[in-house]
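Shown next, in structure tokens, is the structure this report addresses.
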Amino acid sequence: MPLPDESIRELTALASVVLTNEDVHSTLQEICRIAVRAIPSADGVSLTALSEAGPRAVASSDDWSLELDESQYEEREGPCLDAARSGMVFRIRHMTNEPRWPSYMPRAVGMGARSMISVQMTSEGKTIGALNFYSRSVDAFSAEDVSVAQIIVSHASLASEVASNLHRHKDLAVQLRIAMESRAVIEQAKGIIIATRRCSPDDAFDVLRSQSQHENRKLRDVATELVRQAGGLTD
């Protein structure tokens with residue numbers, strides 16, 4: 001199957017994503033951003049990780065896909081969870097006509113989603129979770145898109161494994177837990193910026209990322225300091 005030039009460029013970018021990011025959380029975030037560009041019909045991509053505490057969204061290309069993921073956890077059902085647990089690939093062509101997941105689908109439709117793909121993600125023979133592609137259009141994903149999604153997941157799995165080794169932790173489960181904690185404090189920091197600057201969530205994240213790059217500090221550390229200054233964290 002010949003891949004579109006745009007998809008090839010983004011898949012090539014996955015090869016270097018580990019070297020251009022400071023930790024596993026940043027690597028996973030960038031993987032989601034690359035993935036949404038690699039499949040033009042996708043409007044959002046998120047990564048759900050399975051843990052002893054339950055499923056958690058550890059990275060996403062945007063807040064919309066993040067909310068779509070987390071809605072599945074509330075309902076305890078959805079293609080994302082089933083893909084992660086079973087290893088099956090799910091392509092949902094028309095969410096409004098989908099009889100499976102009767103609690104989740106109406107909520108997803110209410111949030112603007114109309115079709116999606118969920119693919120299990122593994123590393124070193126262990127299940128990490130699932131990478132999820134969402135679209136606001138009905139029947140947005142072709143069979144070729146599913147194949148590209150599977151290729152992306154293969155590259156992403158290797159990238160996350162390399163990242164966990166590169167960043168001094170061979171235990172990817174530990175890294176994912178840290179990523180979950182990082183995302184939580186980053187979301188708090190974004191909320192503070194949104195409230196003070198009256199900006200969008202994406203703009204708030206850009207503020208954090210710009211400060212991180214300017215000060216040559218980890219994004220998590222910048223967010224933690226901001227939340228602590230606002231009284232949201234205590235030592």
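The values are calculated or read from the model by the stated rules, or taken from the named source; none is laboratory data. Note that this is a predicted model, so its numbers are computed, not measured. No Cβ is skipped: glycine too gets one built from the backbone with ideal geometry, and neighbour counts run over all protein chains shown.
Here are the numbers for the structure shown:
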{"read-out": "Check on Arg228, within 21 Å of the chain's Cα centre (by Cα), surrounded by fewer than 16 Cβ atoms within 10 Å (Cβ to Cβ), without any contact (Cβ under 8 Å) to a residue 60 or more places away in the chain and in a helix (DSSP H, G or I)", "value": "no"}
{"read-out": "The listed residue being in the same structural domain as Ser118 (by TED's automatic domain parsing) and modelled with pLDDT under 85, out of Ser147, Ser154", "value": "Ser154"}
{"read-out": "Selection status of Ser46, of a type in the set (S, T, N, Q), surrounded by fewer than 18 Cβ atoms within 10 Å (Cβ to Cβ), assigned by TED's automatic domain parsing to the domain that holds Ser147 and touching a residue at least 60 places away in the same chain (Cβ under 8 Å)", "value": "no"}
{"read-out": "Test result for Gly54, closer than 28 Å to Gln188 by Cβ and surrounded by fewer than 24 Cβ atoms within 10 Å (Cβ to Cβ)", "value": "yes"}
{"read-out": "Selection from segment 1-58 of residues that are at pLDDT 65 or above, within 15 Å of His155 (Cα to Cα) and assigned to a loop (DSSP other than H, G, I, E, B)", "value": "Ile39"}
